[in-house]
There are 2 protein chains.
Amino acid sequence: MKKLEKLLDRILRRVNINLKVQKFEVDPFLRPSVPFRKLSQFYAFYGVTGQHPLHFHFSHSNLAGSYFLGKCRVDGSILYKSDIRGDELRSKGESLNLRGIRMTLDQDEIISISDSLLVKTLVHSRSHDPENPEVFNIKNSASCPFANIHGSPLEGSFLGAFATADLTTLHGCVVGPFAYVQVGELWHEKVEPGQIWINQTEVFDFRYRFPEDVLKKYIRIEPGGLPGGRFMEFLNSRKADFRRVFDVVHLEPVPSVPRTTSLSRYAVVKPKTRFGANVLIAQRAYIENSILGKGSNAQENCFIINSHLKGNNVTAHGAKLINTHLQENVFVGFNSFLHGLAEAPLVVGRGSIIMPHTIIDIREPLSIPEDHLVWGIITSPYDLRLHSISLEALAAVTRMKTIGRMEFCGSGEKFVAAFKQRINHILEANGAYYDGRKNKGHAQKGQNIAYNIIQPYRMGAQKGIYPTIDIQP
Amino acid sequence: MKKLEKLLDRILRRVNINLKVQKFEVDPFLRPSVPFRKLSQFYAFYGVTGQHPLHFHFSHSNLAGSYFLGKCRVDGSILYKSDIRGDELRSKGESLNLRGIRMTLDQDEIISISDSLLVKTLVHSRSHDPENPEVFNIKNSASCPFANIHGSPLEGSFLGAFATADLTTLHGCVVGPFAYVQVGELWHEKVEPGQIWINQTEVFDFRYRFPEDVLKKYIRIEPGGLPGGRFMEFLNSRKADFRRVFDVVHLEPVPSVPRTTSLSRYAVVKPKTRFGANVLIAQRAYIENSILGKGSNAQENCFIINSHLKGNNVTAHGAKLINTHLQENVFVGFNSFLHGLAEAPLVVGRGSIIMPHTIIDIREPLSIPEDHLVWGIITSPYDLRLHSISLEALAAVTRMKTIGRMEFCGSGEKFVAAFKQRINHILEANGAYYDGRKNKGHAQKGQNIAYNIIQPYRMGAQKGIYPTIDIQP
């Protein structure tokens, strides 16, 4: 185990160097989340499909429980139960517009993770660093459980538990727990816990920050300990159900999944669940007693329980739906927690947008009207008024709008348009619009996936380190 | 599937070119044993231990169901359910005596399999080609189910079903079904079905050939069909028991296996079975209602049913023991079939040697005295007289001895000594003599093995082909 311990030390030191300016040390937030015994026991796995250009390279790393798809290299890093999905990387020859300048990629894009520690973190999409479109780079960085790195190269940065870096390049930044940033680029910035921040330079800016007492109830971080609070309690209570899917090589096929729907064999599906066509159920998703209508998806780390998704619904990475009914075209953002009760369900009207990192936790029935934007913390109809706006009203904003703790400035019209465009893109990418010939997406491309299992050295000084592996077509 | 079909054609053609002189075509013997559907469904796996120098390289090949340990490369080949064990390869710096000349290896030995088709074949030990001690080479060759390639580089050669090439370099040879050769080197030779042949140039020569009618009963080959006969019937009746061990990633540990005993998680163990210390149960072994005493082993493809092994017993690759009691230090050679009945058990006395490819198939109890050499086909006490000799009597032979169909010439003393030395070496290599500190063998070195699973492309033109994989420390 000696090499593995040294590797962890080395990574933490490298991250700390980068965050010295912030006076931030990552050790107390990450050491408790790295269980050495499991690091040398768990296998990692990668998918091979024939649809995604293939190149994996793993060296001097531990990859316990992690999953890979698409081009990826990992060097000198520890990825514990992380999910690295490179199926939206750009391909060689693809032409793109960067700040108004056209350029063509002369090689396939690759996710490169070096000298980093990612714990239960999802890495997805493609690089949004205009300086480096061929490499989705994560270097000298560390992230805590259920963080999302989405289209966001990271350098010398730290993500707290349930934090999301979305389409944002981060250099030397600390992003607090449950914070969400989608702001293009940040240098040596500290993002406070529970801060939701969406910014397009000189176009719009959306900010909301969870009150400290609310945050503490749902996600509690104590340096030197594991994350606690309602999110973790919810996840821990369903942890055991995942054991079987990781223990068995070939699970019996689940009956009656439509041909154009993709159900990962690393997802948990419990009775009574029904899937429509063009549905994507990603690995590490959990579905129980629910109906997923045509073109809806359950992305990684999603939980959908006693719920009904009418169709074309996005349940983004880490979102949880319990006793929740989504009308058509509802979008639920990253790590949202929508918790109704059997006797007090939540209904979300057609076309509404649940912002990333929204908490709706009700004890009486609640209906969200159609075409609304919803954010923050909602436990009652009263809260809803302070944490929502109709898309029509928002589109009419030209300078500024404050509702409760939410501050918006800039063009509401452009904000709504950008969101709608992105939701449409997500549905398209996931295969919601597949018609049997055109518009293939992940739901169709990931169907014939073969999973390969890799394991670390089991004893000696190398214990827990994976052999150097290079995989090419 | 197109590339896979082309690959098979290409391999068969390459083997045929080499065997043109023999007027032999391999296609009718191998095509029926290559199930294309399974080739693209089954996973392959390799072991990583930290005790065996690591280098795997797989390119343009199908490896369905195959297993690898130790350094190995496979290029342009199809290995279907084969077992490639490189854990006795020589290491860099090892000094060896070749034909009286000392030389030191300047690199680790590697098994290299190229342009070949191996079906359910076991490849084991190290190169015995004095011209090439760094590479255990298998090239332009094909082998049928349950063949053994043991320490035997093969070039342009064919092995029939249940054939064994043991410590013999083969160039352009055809070895018939159930034939066994241990003769050093053969060039453009045809070895008849059921021929048992052990030769050490100018020292001794042992020959026995199974009568054709006996052979047909146990192993029947019809060009264009699958192998048939009692061996295959026996194997097919227990095939289903292996399904579970290949379907589950982490099987529950079997209780009460001594710490110095190694039980592969890819073996089948059924009640009520007990293991002593220093026992090795290799992958693909099957043990049922049996006792394996201290230092005994069950190598790949062995079946041990209702049997008792007293201790320090070798059950070589593919040997089967049913209702059989082995006293201490009994050796049972490759692919032997020892079949007693509950009411008519077989007892083999201390120190006796059951030659490779021996068939004992009885309906009344039979005891083989101690320190005897046994070969051929035995179904009664009468047969035993015609197919055995005491080691003492054999050691006294100085020129020639004929018993039934067996012909021996040369030094009986040296023959017995060579056999005893080899058995001792096998026990030592397998860890039978481990005392808690010294004499570690496979039983101890293979204990902390991690299994890695690799899978082929599941669709498209590449279907059934494995990605190019390179694995190093």
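Taking segment A:195-219 as the range and being out of contact with any Pro (no Cβ under 7 Å at 6 or more places or on another chain) and closer than 15 Å to A:Pro145 by Cα as the test, only A:Tyr218 passes.
Residues in segment A:263-287 that are within 13 Å of another protein chain (Cβ to nearest Cβ) and either over 20 Å from B:Arg244 (Cβ atoms) or at pLDDT 90 or above (or both): A:Tyr266 alone.
Checking the stated criteria, B:Arg37 turns out not to satisfy the condition of being more than 17 Å from B:Gly156 (Cβ to Cβ), at pLDDT 95 or above and not in a loop (DSSP other than H, G, I, E, B). Of all residues in segment A:304-319, those satisfying the criterion of being crowded, with 24+ Cβ neighbours inside 10 Å and either within 23 Å of A:Pro365 (Cβ to Cβ) or not assigned by TED's automatic domain parsing to the domain that holds A:Ala267 (or both) are A:Ile304, A:Ser307, A:Leu309, A:Asn313, A:Thr315, A:Ala319. Residues of segment B:382-398 that are under 21 Å from B:Lys216 (Cβ atoms) and among the small types (Gly, Ala, Ser): none at all.
When residues of segment A:91-115 are filtered for being within 18 Å of the chain's Cα centre (by Cα) and not β-branched (Val, Ile, Thr), how many remain?
The number of residues fulfilling the criteria is 1.
Quick check: anything in segment A:125-134 surrounded by 24 or more Cβ atoms within 10 Å (Cβ to Cβ) and within 25 Å of A:Gly160 (Cβ to Cβ)? No, segment A:125-134 has no match at all. Elements of the type strands (runs of 3 or more DSSP E) sitting completely within segment A:241-353 and holding at least 3 residues that are within 25 Å of A:His372 (Cβ to Cβ): these cover A:303-305, A:320-322, A:324-326, A:337-339, A:346-348.
Checking each residue in segment A:219-239 for being out of contact with any strand residue (DSSP E or B) (no Cβ under 6 Å at 6 or more places or on another chain) and surrounded by 17 or more Cβ atoms within 10 Å (Cβ to Cβ) picks out A:Ile219, A:Ile221, A:Pro227, A:Phe231, A:Met232, A:Leu235. Condition check for A:Arg126 on (1) of a type in the set (D, E, K, R); (2) within 14 Å of chain B (Cβ to nearest Cβ); (3) over 30 Å from A:Arg220 (Cβ atoms): one failure, at (2). Inspect segment B:82-98 for any residue being under 29 Å from B:Gly176 (Cα atoms) and within 14 Å of another protein chain (Cβ to nearest Cβ) and give the result as yes or no. Within segment B:82-98, none of the residues are under 29 Å from B:Gly176 (Cα atoms) and within 14 Å of another protein chain (Cβ to nearest Cβ). Among the strands (runs of 3 or more DSSP E) confined to segment A:378-473, the ones with at least 1 residues that are within 14 Å of chain B (Cβ to nearest Cβ) and surrounded by 15 or more Cβ atoms within 10 Å (Cβ to Cβ) are located at A:450-454, A:468-472. Against the test of being within 13 Å of chain B (Cβ to nearest Cβ), of a type outside the set (A, V, I, L, M) and without any contact (Cβ under 8 Å) to a residue 40 or more places away in the chain, the options A:Phe56, A:Phe68, A:Phe45 yield a single qualifying residue, A:Phe68. For segment A:302-313, check the following and say yes or no: at least one residue is closer than 20 Å to A:His150 by Cα and among the basic types (Lys, Arg). Scanning segment A:302-313 turns up no residue that is closer than 20 Å to A:His150 by Cα and among the basic types (Lys, Arg). Just one of the listed residues (A:Thr358, A:Thr379) is under 21 Å from the mean Cα position of the chain (by Cα) and either under 23 Å from A:Ile219 (Cα atoms) or in the same structural domain as A:Leu69 (by TED's automatic domain parsing) (or both), namely A:Thr358. Summed over segment A:421-455, residues that are among the charged types (D, E, K, R) and in contact (Cβ under 8 Å) with a residue 24 or more places away in the chain total 1. Just one of (1) under 20 Å from B:Gln200 (Cβ atoms); (2) at pLDDT 95 or above; (3) not β-branched (Val, Ile, Thr) fails for B:Ala142. It is (1). For segment A:216-228, the condition holds for no residue, the condition being that it is outside the structural domain of A:Ile322 (by TED's automatic domain parsing), free of Cβ contacts under 8 Å to residues at least 40 places away in the same chain, of a type outside the set (D, E, K, R) and outside any strand (DSSP E or B).
All of B:Phe29, B:Phe68, B:Phe24 fail the test of being assigned to a strand (DSSP E or B) and either under 20 Å from the mean Cα position of the chain (by Cα) or buried (at least 16 other Cβ atoms within 10 Å of the Cβ) (or both), apart from B:Phe68. B:Val269 passes every criterion in (1) among the β-branched types (Val, Ile, Thr); (2) more than 28 Å from B:Ala342 (Cα to Cα); (3) over 17 Å from the mean Cα position of the chain (by Cα) apart from (2).
The listed residues are A:Phe231, A:Phe210, A:Phe204, and the only one of them that is more than 26 Å from A:Ser33 (Cβ to Cβ), in the same structural domain as A:Val48 (by TED's automatic domain parsing) and touching a helix residue (DSSP H, G or I) at 6+ places or on another chain (Cβ under 9 Å) turns out to be A:Phe204.
The single condition among (1) of a type in the set (A, V, I, L, M, F, W, C); (2) within 23 Å of the chain's Cα centre (by Cα); (3) under 16 Å from B:Val332 (Cα atoms) that B:Ile389 does not satisfy is (2). Of everything listed in (1) free of Cβ contacts under 8 Å to residues at least 60 places away in the same chain; (2) under 23 Å from A:Ala64 (Cβ atoms); (3) in contact with a His (Cβ under 6 Å, 6 or more places away or on another chain), the single unmet condition for A:Val123 is (3). All conditions in (1) closer than 28 Å to A:Arg243 by Cβ; (2) touching a Leu at 6+ places or on another chain (Cβ under 8 Å) hold for A:Gly293, with the sole exception of (1). Given the condition within 14 Å of another protein chain (Cβ to nearest Cβ) and either more than 19 Å from A:Thr121 (Cβ to Cβ) or modelled with pLDDT of 95 or more (or both), answer yes or no: does some residue in segment A:222-238 qualify? No, segment A:222-238 has no match at all.
The values are calculated or read from the model by the stated rules, or taken from the named source; none is laboratory data. Everything numeric in this text was worked out from a predicted model, so none of it was measured. Cβ atoms come from the backbone with ideal geometry, glycine included; neighbour counts cover every protein chain shown.
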